[in-house]
Amino acid sequence: MTFSQALSLAALIAAAALLWNLRQLLLLLFAAVVLAMAMCTLVDELRRRRPMGRPLAFVCCLVGLLLLLGIAAAVVVPPFIDEFAVLLQKLPVAGRAVIDMALGGMDRISDALYGAGALPDLEPFGPKKLPLLPDSSTLASGLGSGVVGLLGLAGNVGGGALSLLFVIAVALMVSVQPQAYRDVGLLLVPSFYRRRARRILSLCGDALTSWMVGVLISSLAVFLLCSLVLSILGVKLVLANALLAGALNVIPNIGPTISTVFPMAVALLDEPWKAAAVLGAYVVIQNIESYLITPSVMQHQVKLLPGLTLAAQFLFTVLFGPLGLLMALPLAVVFQVLLREVLIADVLDRWTARKMRT
């Protein structure tokens, strides 16, 4: 290996290490790009319907979004917070009810198999010990760990808020001049490949736009269907459960599973049969969303197989944490376009054609 080759290899390793250390920042930048794509889609659609300059269209879309968020915050958020607080209080009670039902079922099975009272009572064989009162050092240690935990929670909340502000700020700046930022990115590509890279970036943008529109429509459909089903079954806290189902629908596979837990817990405290009915209804709704709604609204979307989607969720969660799970699907959409256009079309297909000619 020559000195120049060794130097190039060292530079490549150093660049890979730098990118790995900056992976969280890169993921935040990608989230900002996804948000900017949504804003650019709104701006372009407004300009298509009402011819106007881009700055004016951007201001109109931004004001409209702020008004919509303000109305939602005033009308939907207060009752949702109240219902969600009650929902969190009911979860431990429902968990205890499930444990009691399981223990009761085990007792009935034991009585049916071995007869009532066949198993000995072990309590007389061991004296009941009263719990010792904690001393002052134990109380001080517990208080100190609690304070440390609260400080860590406050730090995580503050860091999350700063990250969200960073993503929103970058997304708005990119939305104002998307063409300029794309041209800057293309300067990092070799000159002979820039025209092709421009086309690939356009395909990635189209795929992300289709994914965002499809997810928005499918989440709205899931919200409406869950609201209807929960209202028919008479399950309490309809708004909180339906909003959670619509919001968690953004995360495939895992999100719908988590959203089923909350209404089942509420239904279990009312009538046990309602919990089974809610589970069956949510399974039907997810099948309707997967096989009817999503294919009809995402006809031009990049198709992702369920196995690849689950693998992408696992991989990006391991690499990037919770934010990686949230961004797993748009990352998978972009990577699939890049693999298809760059690796397959520009490398493997041309290499195969060259080998056949020779």
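Once you put a point 7 Å from the Cα of I254 and another 7 Å from the Cα of A276, both along the Cβ direction, what distance in nm separates them?
In this crude label model, I254 to A276 measures out at 3.1 nm.
Could you list log10 I(q)/I(0) for the range 305-350 at q = 0.20, 0.27, 0.31 Å⁻¹, which the Debye formula gives when each Cα is one point scatterer?
Here the Debye-derived log intensity ratios amount to -0.64, -0.86, -0.98.
Starting from the exponent 0.38 and prefactor 2.2 Å, build the expected Rg for the range 1-43 from its residue count and divide its actual Cα Rg by it.
On the way: Rg = 17.1 Å, N = 43, 2.2 N^0.38 = 9.2 Å.
So the range 1-43 has a normalised radius of gyration of 1.87.
Could you sort T257, T209 by accessible area so the largest value comes first, with the probe set to 1.4 Å?
T257, T209
Evaluate the distance, in nm, between pseudo-label points positioned 7 Å from the Cα of L220 and of Q5 along their respective Cα→Cβ axes.
In this crude label model, L220 to Q5 measures out at 5.9 nm.
Taking the inverse of the average 1/r across all pairs of different Cα atoms in the range 154-198, what Kirkwood radius in Å do you get? Write out the running numbers ahead of the final one.
Numbers: mean 1/r = 0.0793 Å⁻¹.
Kirkwood radius, the range 154-198: 12.6 Å.
Taking a ≥ b ≥ c as the square roots of the Cα gyration tensor eigenvalues, with a/c under 1.5 meaning rounded and otherwise prolate when a/b beats b/c, else oblate, which class fits the range 1-79?
On the way: a/c = 6.45, a/b = 2.25, b/c = 2.86.
Cα axes put the range 1-79 in the oblate bin.
Can you give me the accessible area per residue for the range 232-292, using a 1.4 Å probe, in Å²? Write out the running numbers ahead of the final one.
Details: 2740 Å² over 61 residues.
For the range 232-292, the per-residue accessible area is 45 Å².
Go ahead and collect, in residue order, the members of the range 215-236 whose backbone nitrogen is under 18 Å from a label point 7 Å along the Cα-Cβ direction of V284.
Once the point is set 7 Å along Cα→Cβ of V284, 221-236 turn out to lie under 18 Å by backbone N, inside the range 215-236.
Accessible surface of K274 in the full protein assembly, 1.4 angstrom probe, to the nearest 10 Å²?
So the heavy atoms of K274 present about 20 Å² to solvent.
The values are calculated or read from the model by the stated rules, or taken from the named source; none is laboratory data. From a predicted model like this one, the values you see are computed outputs, not experimental measurements. As a convention, Cβ positions derive from the backbone with ideal geometry for all residues, glycine included, and neighbour counts pool all protein chains shown. Heavy atoms of the whole protein, side chains included, go into the accessibility calculation; ligands, DNA and RNA do not. Shrake-Rupley method; radii C 1.70, N 1.55, O 1.52, S 1.80 Å.
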